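One structure is given below, encoded as structure tokens.
The values are calculated or read from the model by the stated rules, or taken from the named source; none is laboratory data. What you are looking at is a predicted structure, and each value in this text was computed from that prediction instead of being measured. Positions of Cβ are backbone-derived with ideal geometry, glycine not excepted, and every protein chain shown enters the neighbour counts. All accessible areas refer to the heavy atoms of the entire protein, side chains included, with ligands and DNA or RNA removed. Shrake-Rupley method; radii C 1.70, N 1.55, O 1.52, S 1.80 Å.
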Amino acid sequence: MASVPSPVSSTMDVLESVLTKLDEGDFKGAINVITDPANDTAIKLQSMELVSLIANNLTDANAEHKPELYSATETILNRIAHKCSPPEVLYELMEKVRTTTSDDVFTSLLKSMQVSILRLPAKRARCLEWVFQTIIDYLDKIPLPDVLNKDMEEREEDLLECDESIRRLLQLYITLLLFLEPIVKQLGVPSGNVFFDTNLTQKNALICFLLRLMGKLFPVLQLQRIEQPRKTLRHPAKLPASKSYSIQVAEDLIRAFVELVKDPLFLLPYGEKRNNLLSKRKKDDSDEKANHDCFLYHETYTTEGFAMLFYLLLSEGLLPANAPQIYDRHYIFEMGLRYVVILLSGERTVVYFKGIRLAQALVKLVKDVGLSSRDLRAPIHSTFCEQYVRALERSGSVRNRDVGITVLTDYIHTFDDEGRYMIISHMLKTFDDDSVRAYAITVYKDLISSGMRDKMEETPLVRWYSGEVLQDMLTNHICVLKNGVKTDLIDNSYSITSALSALWVLLKTDQCNRSHIWDYFGTLEAQFLVELRKAIDLTRAHYKNEMKATAEDNNAQQGMEHAAEITVSTLNGELPPVLSKEKKVELCQGMLLRLDITILLNSRAFGRTETTNNVTTIPGRSFGSTGLVRQANETFDDFRAREEKKEQEYAKQQQQATGAPGTAGSSSTHTDTFSATTEEQPDPTVERTKAMILDAALAFVQSHGWSKQAIAKGAEAVNYPSVSHGLFPRGGIELVHHFYKQCNLKLIDYLKQETADVERVPNPSEFARKAIEFRLRLLEPYLKYWPQALGLMALPPNAPHSLANVLTLVDDICYYAGDRSVDFNWYTRRIGLACIYKTAELYMLQDSSAGFEKTWKFLERRMEEASLVHEFLVKSEDATHHLQNAVGSAFTTARNILGLNFDRR
């Protein structure tokens with residue numbers, strides 16, 4: 001009778017048999033050895049050795065060159081996982097995961113892990129936690145791209161999925177979701193517990209793992225599912241139906257999470273709890289595992305995972321419709337602010353936009369609740385304000401700042417008047433950053449102005465915007481120079497210009513002294529305005545000397561020492577480069593331009609006081625009588641009258657010079673140039689600055705329309721404070737007129753080119769039609785917003801200037817078409833052509849044809865029908881000078897209104 005082999009020898013026989021058959025290529029035989037029930041006892045005794053040795057066949061080389069061996073190995077490991085102790089199998093598989101660097105091998109090991117986890121006893125939650133930690137460690141081996149360490153705009157984030165590391169991680173996340181699917185289904189079965197169990201269970205270990213997966217990768221991905229307007233919280237719109245891999249993974253992960261946690265908002269307090277525990281741990285160095293709440297364990301990515309969970313639920317609309325609606329909106333708001341702080345506290349600024357969007361969703365949630373100053377007693381509000389503002393300071397992303405400032409303003413307006421005052425006061429007392437102070441001053445100014453508009457004159461203002469409170473704000477926090485006349489005006493230019501703008505608005509709108517600002521204006525004048533003027537003089541003299549010394553280049557070394565005094569903030573936060581002579585001069589000129597804006601605002605504030613209270617008279621200096629102030633407040637009628645006076649003076653000078661009465665100012669010469677009087681001429685430097693700002697503002701018309709906001713953005717684009725829009729008191733119409741003038745100048749260049757090589761235009765009608773078409777095509781980039789411009793031009797105060805623009809346009813076309821006639825038809829032709837231009841312009845606004853083909857056909861028909869156009873160049877030029885002057889004066893005046901003093905020759 002044959003002897004029965006011992007268990008050890010049987011085990012060795014099984015192990016050797018399987019390995020031998022695999023080496024020989026008998027893969028089916030090897031699988032049968034593991035499948036045979038007679039070998040179950042031996043397999044269980046040595047399961048760890050079996051897993052360790054057999055798993056060695058899982059290599060990339062075998063997957064490529066011996067796919068049958070690779071597949072058989074996967075099958076054998078799965079069979080072993082079905083038969084053997086789950087903890088033992090998982091332990092060996094975790095060891096293999098720790099040593100592998102191949103995603104294919106990792107995926108194969110997950111298949112066997114899944115089988116063992118589904119068989120794992122309920123009490124072995126710690127073992128499951130170890131498995132998940134091993135997976136996290138494997139994911140951590142994959143480095144994130146360096147591009148995440150810099151500021152990124154929206155388009156750059158969209159391209160992140162093209163990065164090799166991100167694409168690899170997303171593929172692994174998709175694999176992990178398949179790996180977790182049956183585990184989630186098994187552990188997601190509702191238990192009989194009424195209360196949420198926070199002890200370490202398999203279910204809670206899985207929940208924490210899902211949170212860590214979210215916190216690992218989601219903060220750096222583009223996960224925006226709902227597109228919200230930059231400047232408002234209203235009407236969010238769904239993005240297109242096509243989804244990125246990032247969004248799909250996020251949705252699937254959230255779906256798995258809410259299958260385990262039916263009430264995800266129950267976890268809201270854990271942001272605050274984890275923060276408090278972390279503070280306590282720093283004090284007494286307590287053991288985190290002593291706490292029985294597994295959601296408070298200090299594991300990597302968990303805190304970020306909580307933040308990303310509520311970002312996706314609240315900001316991206318992934319909160320299930322069947323989630324319990326039992327939570328007060330104010331409670332969600334305050335608990336959610338902690339997660340905003342978490343998202344804004346990291347080093348990667350690419351994460352900040354998610355914090356901003358979460359804040360946006362929270363503010364929208366309570367915008368109708370009406371929060372009071374008592375709510376600000378919660379410490380989270382001061383923490384939120386400070387972290388939020390510092391994040392905006394660190395971020396160089398235009399999108400982050402654009403949306404972030406809007407959300408911060410909406411947050412402030414969520415509170416009552418006292419609450420708004422407390423937030424602004426806190427910002428002014430806490431932050432030294434110039435742009436932050438400028439923002440707070442501007443918001444406070446807008447709140448006061450709004451309060452004055454909304455209340456009747458006899459109704460007193462609320463105490464937070466008037467009386468002693470306003471006096472304290474103005475004298476101690478707004479209208480202050482930190483170091484007196486030695487204050488660096490360039491470093492503090494934004495807050496100073498904002499303070500001047502706020503002061504000017506208050507003085508202008510509160511002539512009844514409802515805010516009592518006139519009671520202490522003498523103090524403001526002495527401590528701020530006069531000192532500011534002295535500081536401006538000193539700074540201006542300094543930069544002029546710098547520019548002069550650099551230009552002369554007397555001492556190169558001395559020039560380098562002086563250049564070092566130009567601060568880093570002067571260069572918008574960048575380290576100063578080695579500057580060439582030309583660059584130093586250009587930089588100093590830029591600083592002088594910024595000082596000119598400050599001078600203008602300072603003069604405007606003085607000018608306001610002079611016209612209201614007549615209190616500003618400083619020996620040796622009359623701030624209120626500058627031409628700049630008068631120009632800013634000048635009416636159109638005054639301007640036109642002055643220009644007509646200049647024209648008459650020029651005519652008189654020409655008459656005296658030629659000795660021939662009636663020849664001066666003749667439109668037959670069509671030079672339009674005259675010697676303007678030097679009195680009240682605008683400062684060329686300021687005019688250049690205004691033109692530069694308006695040129696830059698045109699780029700923002702498509703996002704902000706023809707408005708002060710566009711001008712403010714244009715100012716920021718050329719490194720001027722946004723409050724520089726105060727240079728344009730008439731608002732958006734000045735931007736419209738600037739655009740109209742630029743288009744007319746381009747038209748003149750076109751007309752000159754078309755007539756450069758011809759003495760006489762052969763077909764004036766066709767020439768005029770092409771000129772009008774060229775001029776209309778200049779509107780194409782702004783056509784969507786041109787109806788707003790037409791509305792502004794149609795307003796009574798703007799109509800004369802707008803009419804002058806059109807008359808000048810058609811006068812140029814007629815002139816270059818060859819119309820030098822002086823009879824009455826000279827005038828009627830231009831009016832007729834103006835009508836054709838305006839009707840074609842209106843037709844173009846409604847034309848949806850390709851390339852505006854219908855508009856050009858419409859224009860051609862109108863030109864053919866116009867009898868005035870057919871008469872070009874057929875009238876005699878023999879007419880009296882009297883008729884010539886009478887008819888031409890309208891167009892000459894139009895040019896004077898527009899400041900177009902140039903010679904067509």
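In the context of the full protein assembly, Arg98 retains an accessible surface of approximately 110 Å², using a probe radius of 1.4 Å and ignoring ligands and nucleic acids. Extension gain, Arg281 to Lys854, is 198.8 nm, computed as 0.36 nm per intervening residue step minus the present C-alpha separation. Taking the square roots of five times each eigenvalue of the Cα gyration tensor of the stretch 14-120, the equivalent ellipsoid has semi-axes of 19, 18, 10 Å, listed largest first. With a cap of 14 neighbouring Cβ atoms within 10 Å, and only residues DSSP puts in a loop, list the chymotrypsin sites (Phe, Trp or Tyr not before Pro) found in the stretch 112-198. Within the stretch 112-198, the qualifying chymotrypsin sites (Phe, Trp or Tyr not before Pro) (loop, at most 14 other Cβ atoms within 10 Å) are Phe195, Phe196. Using the Cβ-Cβ distance between Leu803 and Ser450 with R0 set to 41 Å, the FRET efficiency works out to roughly 0.75. Please list, by residue number, everything in the stretch 303-319 whose backbone N is under 18 Å from a paramagnetic label point 7 Å out along Cα→Cβ of Phe196. Those under the cut-off are 303-315, 318-319. Note on surface exposure: Asp402, Asp812 rank Asp402, Asp812 by accessible area, highest first, 1.4 Å probe. Between the beta carbons of Ser703 and Leu778, assuming R0 = 25 Å, the FRET efficiency works out to 0.80 to the nearest 0.05.
For Asp757, the solvent-accessible surface computed with a 1.4 Å probe is close to 150 Å², ligands and nucleic acids excluded. Which pairs break 24 Å Cα to Cα here: Lys111/Lys216; Lys455/Lys508; Lys111/Lys262; Lys482/Lys713; Lys784/Lys857; Lys486/Lys690? Among Lys111/Lys216; Lys455/Lys508; Lys111/Lys262; Lys482/Lys713; Lys784/Lys857; Lys486/Lys690, the Cα-Cα distance tops 24 Å for Lys111/Lys262; Lys482/Lys713; Lys486/Lys690. Modelled label positions at Arg861 and Asn513, each set 7 Å beyond Cα in the direction of Cβ, lie 6.7 nm from each other.
The listed residues Trp786, Trp464, once ranked by accessible area (1.4 Å probe) with the largest placed first, stand as Trp464, Trp786. Using a basic spin-label model with each label point 7 Å from the Cα along Cα→Cβ, how many nm lie between Gln846 and Arg688? A separation of 4.7 nm, rounded to one decimal place. Taking all protein chains as they are arranged and a probe of 1.4 Å, the heavy atoms of Thr539 leave approximately 20 Å² accessible to solvent.
The modelled label-to-label distance for the pair Lys534/Ser52, using points 7 Å beyond Cα in the direction of Cβ, is 8.5 nm.
Applying 0.36 nm per residue to the separation of Asp491 and Glu16 and subtracting their alpha-carbon distance, the gain on full extension is 163.1 nm. A viscosity of 0.890 mPa s and a temperature of 25 °C, combined with the Kirkwood radius over C-alpha pairs in the Stokes-Einstein formula, give the stretch 747-812 a diffusion coefficient of 179 µm²/s. Gain on full extension, evaluated as 0.36 nm per residue between Lys185 and Ala717 minus their Cα-Cα distance, stands at 186.1 nm. Taking all protein chains together and a 1.4 Å probe, the residues Glu687, Glu841 rank Glu687, Glu841 from largest to smallest accessible area. Report the FRET efficiency, 1/(1 + (r/R0)^6), for Thr101 and Arg124, where r is their Cβ-Cβ distance and R0 is 25 Å, rounded to 0.05. That pair, Thr101 with Arg124, gives E of 0.30.
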